[in-house]
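The values are calculated or read from the model by the stated rules, or taken from the named source; none is laboratory data. Bear in mind that the values here come from a model prediction, so they are computed numbers and not experimental data. Neighbour counts run over all protein chains shown; Cβ positions are idealised from the backbone, glycine included.
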Amino acid sequence: MERQKLQRQPRRPSHGKKRAHRYNAPAQCTLSPWYCLLQLWATRPADPLKMACASKTDEDFMRLALEEARAAMLEGEVPVGCILVSQTGDVLARAGNETNRSRNGTRHCEFVASEKVLRQADGPALLRNSTLYVTLEPCIMCAAALQYLGIPEVVFGSANVRFGGCGGVCDIHKMKVPKSGPRGGADAAREALPGFACRGGVLAEEAVEVLREFYATGNPNAPEAKRHRPLPNAST
Ligand SMILES: [Zn+2]
């Protein structure tokens, strides 16, 4: 019925009309069938992760992580920052390194941000459906922690050629271990390590520049024996 009405309307564009208007329903529609198709495409059900990426890009999220890195530098920390983003594009947590302030070498920004999410309702599930944006490739320790937390995707800025666990030194992100070990015993209780997707190079230059700026002025928290440059205000 609708198709017959459409065909009777004068001055209707002839291209593709039957196929397009079969989905468009209203017989009185005067819009181009291509426009209707475009509307259908725009309102189609989509993967939530892709929807998030459509509104914000990797670089947008990485800029937020860089803000955390700069904030950490102002606190005398090695400037590495990260954010955790949900599938719908919400920022779940943001953090910078806290190792110097806490005098705890494990307080890398990945740990700090993950902990913030774990304190939220359904924290573990949120983590398992999140993406981590971090300015520097996660170190081996953090990459292993991300595995155990089940974070499925990591996007980093600069490569970490000294300590990187996502290709810099070793490929922790590619480790895949089934939930139950083959030998039983302690292995049987082990959680699955599913591996996680990982890609780098997003705003890498900016990430390196922040680190360069930090080390150029001398790490104020480094032991004297390990300091490569004297602090600017050092008396000797
Ligand atoms: Zn780390």
Quick check on segment 101-120: of everything there that is touching an Asp or Glu at 6+ places or on another chain (Cβ under 9 Å) and over 16 Å from L136 (Cβ atoms), which residue is farthest from the ligand (Cβ to nearest atom)? R101
Hey, does segment 88-95 have a residue that's within 13 Å of the ligand (Cβ to nearest atom) and within 16 Å of the chain's Cα centre (by Cα)? yes
Note down all Cβ pairs under 8 Å where the first residue falls in segment 184-212 and is loosely packed, with under 15 Cβ neighbours inside 10 Å, the second is at pLDDT 95 or above and of a type in the set (V, I, T), and they're at least six residues apart or on different chains. A197/V154; R199/V154; R199/V155
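Quick one: count up the residues across segment 80-118 that are in a helix (DSSP H, G or I) and in contact (Cβ under 8 Å) with a residue 60 or more places away in the chain. Talk me through it step by step, then tell me what you get.
Step one: filter segment 80-118 for residues in a helix (DSSP H, G or I), giving 99-102, 109-118.
Then drop every residue that is not in contact (Cβ under 8 Å) with a residue 60 or more places away in the chain, which leaves 100.
Residues that pass the stated criteria total 1.
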Tell me which of these Y148 doesn't satisfy, since it passes every other one: (1) at pLDDT below 95; (2) within 11 Å of the ligand (Cβ to nearest atom); (3) of a type in the set (F, W, Y). (2)
Go through (1) under 11 Å from V80 (Cα atoms); (2) of a type outside the set (S, T, N, Q); (3) surrounded by fewer than 20 Cβ atoms within 10 Å (Cβ to Cβ) for V134 and report which single condition fails. (3)
Per the filter on segment 127-184, residues among the hydrophobic types (A, V, I, L, M, F, W, C) and touching a strand residue (DSSP E or B) at 6+ places or on another chain (Cβ under 6 Å) are L132, V134, L136, A143, I151, V154, V155, F156, F163, C166, M175, V177
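So which residues in segment 119-136 are assigned to a loop (DSSP other than H, G, I, E, B) and aliphatic (A, V, I, L, M)? Reasoning before the result, please.
Quick first cut of segment 119-136, residues assigned to a loop (DSSP other than H, G, I, E, B) only: 119-122, 128-130.
If the condition is that a residue be assigned to a loop (DSSP other than H, G, I, E, B) and aliphatic (A, V, I, L, M), then A121 is the only one that fits.
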Complete set of residues in segment 151-162 that are surrounded by 17 or more Cβ atoms within 10 Å (Cβ to Cβ) and either of a type in the set (V, I, T) or within 16 Å of the ligand (Cβ to nearest atom) (or both): I151, V154, V155, F156, G157, S158, A159, N160
